[in-house]
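For reference, the structure discussed in these notes is given below.
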């Protein structure tokens, strides 16, 4: 039995309008080699200039990861030759990164084993650097797109505190949600704006770290989990066979579900770091630190816990609602509007959560609208609150709420006016409902007898199912408008009658 050690290096593209050391546009998907200039192409004699917004965003992430921001931070040149790095060095941070000695509390569930994950993962550092360009290999030809060269890149380096691929996957998921909440990165792993390198080693328990293997360029949290679990198993098989683990860099082959050799692993001294002579030391002023603090928000995990305590939501519902900041904002705005109209806070939250997670998410998925688009969704929070109030006060059925939602989204009209226009308010007149109940009894008298027989025979479940079916028949007969509580009560009275 071996002990495994996993550390991650997560790279995120910061959402700055321009690159980190020049004024070129920073955007994904533009025509290749159109967002370039002498600075990011590394022409002789050019001078970089620090994008202060990149530094501010980087410090926001560092603070959210409980890191210390040093009094002085600076940049170094990291020397290496790659075709996608025009200068043959990268401006990065090494000796004094902008964020140091932080941590992230992992809290979630291992979906493979079902066990709860609770672990403190130490953050070694967060450092700001420029990204490399993009290489596209096609047959025997390699194409280079330098649009990405110089884009603001924040690298978050953890200590080797994780032990399984599931823990690493959860770390990526929590970090992605965090940076999206902070609005410093879109987190689109398929576009490369968030990607991870994973370092993993195994050893006998109590013997410390083993020989480290790095797995490069993992572009989904699922691949992080699969690659790490495969690599842990691969290294275990080598040690079981009396072989040594080679320190190297490997790639994840998603088609074969295995890691494959890429190159032997470099050591830090191979990069020959030395201070960047063209950029001064950065000393954060009070006004800069104040701007960092002003950009911080309630983080997803904290918000999820608060929603459970304040609104009485289940952990599962709170997790789904806090998936995107726009979604959580939408929920809380709707709940506040419903409370203003006299609903109990927890009752309002339960109803709004149900409508949001079931009906509205269904509409969003069908229409191809991301959750982040809820801030400009056709159905605003107040209109959702109006619907919740009508349901809770027994003025409309859930069936007609769904229909009103669909029309409101397509037309932009308030759903409460749609309900009135279509005459969908619930019928609460007991005599009118009794007429529908008598009609159902006349048509389904045999079913009433079956309910009595099921209950007297001890088959309560079948009795409940048939009774619910009869209530549904009454609702159908009234176009979904009969108050189901009144209909159910009258159905029960008929069921209790002697055959």
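Just so it is clear, none of the values below were taken in a lab; they were calculated from the coordinates. Fair warning: this is a prediction, and the values are worked out from it, not measured in the lab. Positions of Cβ are generated from backbone atoms using ideal geometry, with glycine treated the same way; all protein chains shown enter the neighbour counts.
Per-residue packing, averaged as other Cβ atoms within 10 Å, sorts the ranges 165-172, 37-44 into the order 165-172, 37-44, beginning with the highest. Calculate how many DSSP beta bridges within the range 200-313 are antiparallel, expressed in % of all such bridges and rounded to the nearest 5. Here the antiparallel bridges make up roughly 65 percent for the range 200-313.
Working note: Debye formula, equal point scatterers on the alpha-carbon atoms of the range 3-291, no solvent; log10 I(q)/I(0) at q = 0.14 Å⁻¹ is -1.09.
Remark: the residue 264-residue 191 segment gains 23.6 nm on full extension, using 0.36 nm per residue and subtracting the alpha carbon distance.
For the ranges 404-416, 7-19, what's the packing order if you count other beta-carbon atoms within 10 Å of each residue, average per peptide, and put the highest first? If you can, show how the numbers build up before the last one.
On the way: 404-416: 17.8, 7-19: 20.8.
The most tightly packed comes first, giving 7-19, 404-416.
Could you sort 352-358, 476-482 so that the peptide with the highest average Cβ count within 10 Å comes first and the rest follow in order? Mind dumping the intermediate values first?
Numbers: 352-358: 20.1, 476-482: 18.6.
So the order, starting with the most tightly packed, is 352-358, 476-482.
Kirkwood hydrodynamic radius of the range 26-133 from all distinct Cα pairs, in Å?
Values: mean 1/r = 0.0603 Å⁻¹.
Its Kirkwood hydrodynamic radius stands at 16.6 Å.
Against the chain, whose longest principal axis is taken from its Cα atoms, helix 445-456 shows a tilt of about 70°. Calculate how many DSSP beta bridges within the chain are antiparallel, expressed in % of all such bridges and rounded to the nearest 5. Looking only at bridges with both residues in the chain, the antiparallel portion is about 90 percent. Report summary: the helix-based calculation at 222 nm, which adds -39500 (n - 2.57) for every DSSP H run with n ≥ 4 and divides by the residues of the chain, gives -12500 deg cm²/dmol.
By the beta-carbon count within 10 Å of each Cβ, the least crowded to most crowded order of 440, 401, fewest first, is 401, 440. Evaluated at q = 0.21 Å⁻¹, a Debye calculation over the C-alpha positions of the range 300-421 (equal weights, vacuum) places log10 I(q)/I(0) at -1.21.
Over the chain, with a single point scatterer placed on each C-alpha, what log10 of the ratio I(q)/I(0) does the Debye formula yield at q = 0.07, 0.09 1/Å? Here log10 of I(q) over I(0) equals -0.55, -0.78.
Would you order 433, 52, 91 from fewest to most other beta-carbon atoms within 10 Å of each residue's own beta-carbon?
52, 91, 433
Seen against the Cα atoms of the chain and their longest principal axis, helix 52-64 is set at about 60 degrees.
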